[in-house]
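Only one structure is covered here, and it is reproduced in the block below.
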Amino acid sequence: MAFDYKKEYKEFYLPKAKPEIVTVPKMNFLAVRGSGDPNIEGGEYKASIGLLYGIAFTIKMSKKGTRQIEGYFDYVVPPLEGFWWQEDGRFSFGIDYSRKDRFQWISVIRLPDFVTRDDFDWAVEEASRKKATDFSKVEFLTYEEGLCVQCMHIGAYDDEPATIEGMHHFMEEQGYTLDITDHRYHHEIYLSDARRVAPERLKTVIRHPIRRV
């Protein structure tokens, strides 16, 4: 059976539908940076998803090719994630959901720990050759999220503010304050496929960085 990150790391990928405090360790990701409305068909955001999965599956399927990655084990490709902000509300989470054109984002997919930067470089070259596509926008990103408040949001993306309000109320009760900065972000993990799941049933992990008051 393939290793499934959602099941093996429930603390980070399958939280309860109520706020909780977690400390997220350093992880490696495939990443693509961009800006603009994520809902535009053929837009920058949707293109970034194709780039990420192109590299993710090149690494996953390396076992069937000439590249034998040291320490490789079979695994389920982790879910798509995203770091989000708007420049005019960066540090206070003043996001205006009605102005999606203002979004700045980093789309990411977690990498298994055995994947090195050399393995990543090989995958970019291999995918570019096989798919005749430019994968140069994809980065190898190491990120340590640290102390956070998180919650499972069930519902449409535009309904997230109510869940976030509850998260912030909870963290303040526990003696924490929001710590969104130029390197700590509003974070979402997408556990549902929005193309196949009704908006009211979407499951999204929402995570915000915090610090002790």
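Derivation of every value follows stated rules applied to the coordinates shown; laboratory data play no part. If you're wondering where the values come from, they're calculated on a predicted model, not measured in any experiment. Cβ coordinates were reconstructed from backbone atoms using ideal geometry, including for glycine residues, and neighbour counts include every protein chain displayed.
See the values below:
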{"quantity": "For LYS10, net neighbour charge (Lys/Arg +1, Asp/Glu -1) across residues whose Cβ lies under 11 Å away", "calculated": "0"}
{"quantity": "Rounded if a/c under 1.5, otherwise prolate or oblate - the range 11-116, Cα gyration tensor axes", "calculated": "oblate"}
{"quantity": "Percentage relative contact order, the range 80-213, counting C-alpha pairs under 8 Å, at least six apart", "calculated": "31"}
{"quantity": "The range 1-40 residues near the modelled ASP193 label - backbone nitrogen below 20 Å, point 7 Å along Cα→Cβ", "calculated": "2-7, 14, 39-40"}
{"quantity": "Counted charge near ASP159, where neighbours are those whose Cβ lies closer than 14 Å (Asp, Glu -1; Lys, Arg +1)", "calculated": "-3"}
{"quantity": "Cα gyration tensor, the range 1-69 - rounded (a/c under 1.5), prolate or oblate", "calculated": "oblate"}
{"quantity": "Using alpha-carbon coordinates, inclination of helix 117-131 to the longest axis of the chain, degrees", "calculated": "70"}
{"quantity": "Whole-Å semi-axes of the chain's equivalent ellipsoid (Cα gyration tensor)", "calculated": "30, 20, 16"}
{"quantity": "The range 41-120, dipole about Cα centre (Lys/Arg Cβ +1, Asp/Glu Cβ -1), debye to the nearest 20", "calculated": "200"}
{"quantity": "Inter-label distance, nm, simple model (7 Å from Cα along the C-beta direction), ASP158/TYR75", "calculated": "3.6"}
{"quantity": "Counted charge near LEU141, where neighbours are those whose Cβ lies closer than 15 Å (Asp, Glu -1; Lys, Arg +1)", "calculated": "-1"}
{"quantity": "Tilt relative to the chain, helix 160-173 - C-alpha long axis, 0 to 90 degrees, to 10", "calculated": "70"}
{"quantity": "Within the chain: Cβ-based charge dipole about Cα centre, in debye rounded to nearest 20 (Lys, Arg +1; Asp, Glu -1)", "calculated": "620"}
{"quantity": "Label-point separation, MET1 to ILE40 (7 Å along Cα→Cβ), nm", "calculated": "4.4"}
{"quantity": "Among GLN68, GLN150, GLN104: highest mean-square fluctuation, GNM of the chain, C-alpha pairs under 10 Å", "calculated": "GLN68"}
{"quantity": "Within the range 1-82, trypsin sites (Lys or Arg not before Pro) in DSSP loop having at most 14 other beta-carbon neighbours inside 10 Å", "calculated": "LYS16"}
{"quantity": "In degrees, nearest ten, helix 44-60 long axis to first principal axis of the chain (Cα)", "calculated": "50"}
